[in-house]
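Notes to accompany the following structure.
The values are calculated or read from the model by the stated rules, or taken from the named source; none is laboratory data. Only a predicted model underlies this, so the values are computations on that prediction, with no experimental measurement involved. Don't worry about glycine lacking a Cβ; one is built from the backbone with ideal geometry, like all the others, and counts go over all protein chains shown.
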Amino acid sequence: MVNVMQRSFLKNFQYGYTSWLGICCIAAIATACSNPFATANSPDRIRLGTFNLENFDGLNTEKVDAVSQIIERNFDVIGLQEVSPIAAEKLKEKLNKSKPWEFILGETGNKQRIALFYRKDLISAQKVTEWRDVNITGTLRSPLVTYLKTEQKDGKSFDFTLVVVHQKGGFGKDADRLRQNQSDLLRKEVDNYQKNTQSDPDLVLVGDFNSPTWAEQNRGLRDAPLTFLTRTIETDAKENCLRKRGEPKTADGRPRFSNRGTGCVIDHIAVSKAPKGAEAEYISQSVQILDPQKDLGFDSDRTYFSKISDHLPVRAIFRTRE
């Protein structure tokens, strides 16, 4: 019955979305069985993720509307890539029609910047810095470093430092070399951060790394004192992934790729290791690449990729109290 209702609703909306009320009713029923982590926020957890919005300039009202719904329904704090200043303002305006949201925008990248969006009623945020050395050419994006604190009525909270990353994109030896060098420099920044006795031990990195965890371009972070949560949902079929011989899926049909162009997981969530790091607050097996149909309410993958982005959002859930 749910599938019939879904098909009926989804036929009537250009983006594959139904009316706000209709999709919420359906999603509440459908996802409860298919996706145990696709639930509304609860007082003791936050939904954190990353999403490359593919040249999000804010000029397409329908895309602004769809992106705002994706974020509002699935996240409490999220690192975004390829966002223009205009798009950030329009997205905030749209999100604030239902809940209070705020954003911090990176200073580099021209019209394709990094942004951090978060719910003000749940989280407070303060920009710490940007890791400018990782921006080798000066024309790339500097990782955005922000200190966040969850708000809890009982006085308890989860404090952590969030780094939003967008590494060099593209193909070829020059692009690969730049990403390798960026990865090495990013590793140095992580090491410096963790050696500083004043640093919060809870460190989280999210973003578009433009490389799978196992790629040489990600060499600098592979042996870092970090756990890539997304490693568990990557495919090991490296050649198939890179040569686009198919978009890998899990046994139950969920995506094991976050980028359509490569067929790989290149959008990652990494955390400082337990027992002192943010990994201790991570809810096991909650990391997911959100599926256009199963999670986001689109009528097909094609509709999503043509209207929204060539990337899929990635999410993990963390505890905010013991």
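Which residues, taken from the range 130-151, are surrounded by 18 or more Cβ atoms within 10 Å (Cβ to Cβ) and among the acidic types (Asp, Glu)? Result: Glu130, single match. List the number of the failed condition for Asp191; all other conditions in (1) closer than 18 Å to Ser142 by Cβ; (2) surrounded by 15 or more Cβ atoms within 10 Å (Cβ to Cβ) hold. Single failed check for Asp191: (2). Somewhere in the range 97-105, is a residue crowded, with 24+ Cβ neighbours inside 10 Å, of a type outside the set (Phe, Trp, Tyr) and modelled with pLDDT of 95 or more? No. Screening Lys127 with (1) among the charged types (D, E, K, R); (2) crowded, with 22+ Cβ neighbours inside 10 Å; (3) touching a Leu at 6+ places or on another chain (Cβ under 8 Å) gives one miss only, at (2). For Ile86, all conditions in the list (1) surrounded by fewer than 21 Cβ atoms within 10 Å (Cβ to Cβ); (2) at pLDDT below 50; (3) among the aliphatic types (A, V, I, L, M) hold save one; what is the number of the exception? Tallying (1) surrounded by fewer than 21 Cβ atoms within 10 Å (Cβ to Cβ); (2) at pLDDT below 50; (3) among the aliphatic types (A, V, I, L, M), Ile86 fails exactly one: (2).
Residue-wise test of (1) over 27 Å from Asp200 (Cβ atoms); (2) at pLDDT below 85; (3) hydrophobic (A, V, I, L, M, F, W, C); (4) not in a strand (DSSP E or B).
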position	(1), (2), (3), (4)
Thr232	no, no, no, yes
Asp236	yes, yes, no, yes
Glu239	yes, yes, no, yes
Gly246	yes, yes, no, yes
Asp252	yes, yes, no, yes
Phe257	yes, no, yes, yes
His268	no, no, no, no
Ala274	no, no, yes, yes
Ala280	no, no, yes, yes
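You will find that of Thr232, Thr213, the residue that is surrounded by 15 or more Cβ atoms within 10 Å (Cβ to Cβ), touching a residue at least 24 places away in the same chain (Cβ under 8 Å) and hydroxyl-bearing (Ser, Thr, Tyr) is Thr213 and no other. Identification of strands (runs of 3 or more DSSP E) wholly contained in the range 69-164 with 2 or more residues that are of a type outside the set (Ser, Thr, Tyr) and farther than 27 Å from Thr320 by Cα yields 77-83.
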